[in-house]
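Notes for the one structure printed next.
Nothing in this text is a laboratory measurement; each read-out follows from the coordinates by a stated rule. Here the structure is a predicted model, which is why all the values come from computation and not from measurement. Note that each Cβ is placed from the backbone with ideal geometry, even for glycine, and that neighbours are counted across all protein chains shown.
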């Protein structure tokens, strides 16, 4: 499903002040924020903040969004990996601000888009998603890339390698 809204999820290392300021100046775009931090609130009609949306409620929002946006407060702090992986599983493109947070996960223009944390940077990334071919290429790459690199099979192979190396005393 695609109900046309962008989804921002998570609590740690998110810059919701920047993101809400961005969407306040873009009233034609809709944002849904899932965050349990009590200080995250919206006063804009195009931004909805939902507290305590976990489990199936979270996955319902994820299944209905157009894309996921991750705007990081500190580009050196680890955060956002689980949201990124779940978006991949659901075939939802991810736009993330430049950081080390998703190093090894997001490969720019292959399974997501990286952008500068500026209004212009986010504009450029979201406009790129409007290109049907790029949007669908990223959406299709997500589940396949997830299975290939992060699913059960690669996990099992890695564990077997670790076990075999331990048995050989390496």
* Considering (1) without any contact (Cβ under 8 Å) to a residue 60 or more places away in the chain; (2) closer than 24 Å to residue 19 by Cβ; (3) in contact with a helix residue (DSSP H, G or I) (Cβ under 9 Å, 6 or more places away or on another chain), say which one residue 147 fails and leave the rest. => (2)
* Take residue 120 and decide whether it is surrounded by fewer than 19 Cβ atoms within 10 Å (Cβ to Cβ), in contact with a helix residue (DSSP H, G or I) (Cβ under 8 Å, 6 or more places away or on another chain) and part of a helix (DSSP H, G or I). => no
* Going by the conditions given, is residue 55 touching a residue at least 40 places away in the same chain (Cβ under 8 Å) and at positive phi? -> no
* Asked: Can you tell me which residues in the range 76-116 are at positive phi and out of contact with any strand residue (DSSP E or B) (no Cβ under 9 Å at 6 or more places or on another chain)?
  -> 91, 104, 109
* Asked: For the subset of the range 1-21 comprising residues that are under 16 Å from residue 51 (Cβ atoms) and in a loop (DSSP other than H, G, I, E, B), which member is nearest to the chain's Cα centre (by Cα)?
  -> 10
